[in-house]
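Novice: This structure is in structure tokens; I'll ask about it shortly.
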Amino acid sequence: MASTAAGLSEAVLYDTLVNYLVSMARTVEGAMNRALDALISHDSSRTSALPSEVFLLEPRINEMEIVIDEHAIRLLRRGSFSDDEMRLIVAALKITNDLERIGDLAVNLAQGAVTLREMPDARLPEELAPMAIAVRAMVSKSLGALIFRNVEMATQVLESDDVVDQYRDRIFENLLAGMTQQATFVSPGLQFILATRHLERIADHATNIAEDIIFWVRGLDVRHGRGLSLRPERSEGQSDSEFADQAAEGAGALASPETADVIENSHAFDASVTPACDTERA
């Protein structure tokens, strides 16, 4: 009876770690979405309060990082866990760092939006809004992969990183051309260049999170571009039909309405964790 209680306690501790991660990720996503809305609609009065909301969320995100790290260390001190549990602890310690950095970058974007609001001649670069949409999708999919332990969704995040880089390069070239032709474009142009850099870094952190989720679920190290083509693993003794059913189940989960909503906002995954970010979208 005592061993059963101990086993239940272990399960609760590991479930708590995952729940902490999801809660922090939802908070970070909310801060990022607010910052992106403030940036894309920097000239709209309806988004004027969003930067302040981002600034207020930063201390909460920092505190959540500390709580998760302490919980993970507490688990390590217990010294008895399976390979899956060990990978979860290692991944959690890395994921919290990337989430905290996304929160910091959201603050940088919000500060840029405040500065741009004071520049009446600032005009949003044509491809900045699509770039922001792509970054939103990467962050939301990485959170979806965390909630569902979905390797296919995490792989989609890895494959999207190059798209964001291409947006960054094109926006930079167009802004640089405009800044060299007209001096009034220099100040807002620099702010938009910084914004694209922050967006690109958010995409990099989302990629890191996706890589850590693949490591947790599959035990595979796919960093630095390795392992972009991942398939379901066949367990020992698993028949051909069972393996096919596993693959079909994974594909079905990816195609479900809940997971399809991820490119808009991962709030559909776990609406009870944190409030939704219902702000104006460009």
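Novice: With every protein chain kept in place and ligands, DNA and RNA left out, what is the accessible area per residue of segment 43-153? Probe 1.4 Å, answer in Å².
Specialist: 47
Novice: Note down the accessible area of residue 172, probe 1.4 Å, to the nearest 10 Å².
Specialist: 90
Novice: Still on this structure, please answer the following. How far, in nm, would the chain grow between residue 76 and residue 163 when pulled straight, counting 0.36 nm per residue and subtracting the alpha carbon separation?
Specialist: Here the answer is 27.5 nm.
Novice: How big is the shadow of the Cα convex hull of segment 12-59, averaged over all directions, in nm²? It would help to have the intermediate numbers written out before the result.
Specialist: Numbers: hull surface 14.2 nm².
Its Cα hull, projected and averaged over all orientations, spans 3.5 nm².
Novice: Quick one: Karplus J couplings for segment 27-32, per residue in order, coefficients 6.51, -1.76, 1.60, θ = phi - 60°, nearest Hz, x for Gly and Pro?
Specialist: Whole-Hz 3J(HN,Hα) from phi for segment 27-32: 5, 5, 4, x, 5, 5.
Novice: Segment 135-207 to segment 9-57: how many Å between their Cα centroids?
Specialist: 18
Novice: Return the carbon/sulfur percentage of the accessible area of segment 1-150, one whole number, probe 1.4 Å, all protein chains in place. Working shown, then result.
Specialist: Details: 3630 of 6670 Å².
Of all accessible area on segment 1-150, carbon and sulfur atoms account for 54 percent.
Novice: Ignoring ligands, DNA and RNA, how do 159, 127 rank by accessible area with a 1.4 Å probe, largest first?
Specialist: Per-residue accessible area, sorted high to low, gives 159, 127.
Novice: Nearest 20 debye, what's the magnitude of the dipole of segment 25-131 about its Cα centre given +1 on Lys and Arg Cβ and -1 on Asp and Glu Cβ?
Specialist: Dipole magnitude for segment 25-131 comes out near 280 debye.
Novice: Further question on the same structure: Within 10 Å of each candidate Cβ there may be at most 11 other Cβ atoms; applying that plus a DSSP loop requirement, which GluC sites (Glu not before Pro) in segment 47-79 survive?
Specialist: Answer in residue order: no site qualifies.
Novice: How high is the relative contact order of segment 48-115, in percent, counting Cα pairs under 8 Å that sit 6 or more residues apart?
Specialist: Averaging sequence separation for qualifying contacts and normalising by length gives 58 percent for segment 48-115.
Novice: Give the peptides 190-198, 84-92, 204-212 in descending order of average Cβ contacts within 10 Å, highest first.
Specialist: Those peptides, ordered most packed to least, come out 204-212, 190-198, 84-92.
Novice: Using the Cα centre of segment 85-174 as origin and beta-carbon charges of +1 (Lys, Arg) and -1 (Asp, Glu), tell me which of 163, 88, 113 is placed farthest towards the positive end of the dipole.
Specialist: My answer, from the dipole projection, is 88.
The values are calculated or read from the model by the stated rules, or taken from the named source; none is laboratory data. Bear in mind the structure is a predicted one, so any value in this text is a computation, not a measurement. Please note: Cβ atoms are built from the backbone with ideal geometry, for glycine as well, and neighbour counts cover all protein chains shown. To get the accessible areas, we keep the full protein, side chains included, count just its heavy atoms, and leave off ligands, DNA and RNA. Shrake-Rupley method; radii C 1.70, N 1.55, O 1.52, S 1.80 Å.
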